[in-house]
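Please treat every number below as a calculation from the coordinates, not as lab data. Computed from a prediction, not measured in an experiment: that's the story for all the values here. Cβ sites come from the backbone with ideal geometry, for glycine too, and all protein chains shown count toward neighbours.
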Amino acid sequence: MTVPILQLRDVRKTYFGGAVEVHAVHDVSLSIEEGEYVAIMGPSGSGKSTLMNILGCLDSPTSGTYELAGVDVSGMDEVELAQVRNRRIGFVFQQFNLLTSLPAWRNVELPLGYAGLSRAERKTRALRALERVGLADRVDHKPGQLSGGQQQRVAVARALVTDPAMILADEPTGNLDSRSTEDVLTLFAELHQAGRTIVLITHEAEVAAVAGRVIRIRDGQVDQRDPAGAR
Ligand code: ADP
Ligand code: MG
């Protein structure tokens, strides 16, 4: 039997501020299984970032429930959410978000700072993750000495190093040329082959096409004309 790694039920996010309430996401129910590769696609303003923040435990829904790896995280406070985030989710962002003063391996070991591991063990794991993304020969390079595609691969290594339940990528190819885009998508495909759960958020149909399933969102809702997404 397949296990849902995440499950949203009737999730709504309403922003209160100024004169109007914005229902950025509403009536969203969806489930993603362990080992799935899912793209969440929608035009600008459709609610992708709002949904990403909820999926990534960066924000809580206004109503509805969100279970991640069997745990209801919807009622958690900031501190609890931060713990779940650090342990369970590997993030990849459009802007790489690497620390420019640190070499690649130090960037990759950062998420392990909270894990109570020895210095030596942290370094070993960081080097292994960099090897996994094909950067064994660049571990001492700083981000400025790497190409965009290589920097994003360092970010993927950083996302992998904690052995997370899910890799959550927000427009990971948005700042890359077509060659580097291909590199990064090939890497995601390999990770999926190896059993990783990947959720990739994008507005580009060509990028979404590499996933096993595409969930389309429009005006804050899962597009019901899309049978796969409604699952
Ligand atoms: P996308 O990432 O698909 O472009 P967003 O999730 O950023 O979409 O935004 C969805 C809707 O919610 C938009 O109408 C946007 O203006 C609104 N919105 C997003 N963030 C906020 C906020 N912090 N306060 C008020 N409205 C917001
Ligand atoms: Mg966005």
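Each of Gln95, Thr62, Val161 was scored by the projection of its Cα onto the charge dipole of the chain, and the greatest displacement toward the positive side belongs to Val161; charges sit on the C-beta of Lys, Arg, Asp and Glu. Structure remark: mean-square fluctuation, Gaussian network model of the chain, C-alpha springs under 10 Å; the largest value among Arg179, Arg132, Arg122 belongs to Arg179.
Among bridges DSSP assigns within the chain, what percent are antiparallel (round to 5)?
Rounded to the nearest five, the antiparallel share is 50 percent.
Taking amide H positions as modeled 1.01 Å from N, with prolines and chain starts lacking one, the residues under 5 Å from Lys13 and 5 or more places away or on another chain are Ala24, Val25, His26, Thr62. In the chain, helical runs assigned H by DSSP with n ≥ 4 each contribute -39500 (n - 2.57); averaged across all residues and rounded to the nearest 500, the mean residue ellipticity at 222 nm is -9000 deg cm²/dmol. Its Cα centre serving as origin, the chain has a Cβ charge dipole (Lys and Arg +1, Asp and Glu -1) of approximately 580 debye. Compared with the dominant principal axis of the Cα atoms in the chain, helix 178-193 is inclined by about 80°.
Specify the angular offset, from 0 to 90 degrees and rounded to the nearest 10, of the alpha carbon long axis of helix 78-88 from the longest principal axis of the alpha carbons in the chain. Orientation of helix 78-88: about 60 degrees from the principal axis. Pick from Gln151, Gln83, Gln95: which residue has the top mean-square fluctuation in a GNM of the chain where Cα pairs under 10 Å get a spring? Its mean-square fluctuation being the largest, the pick is Gln83.
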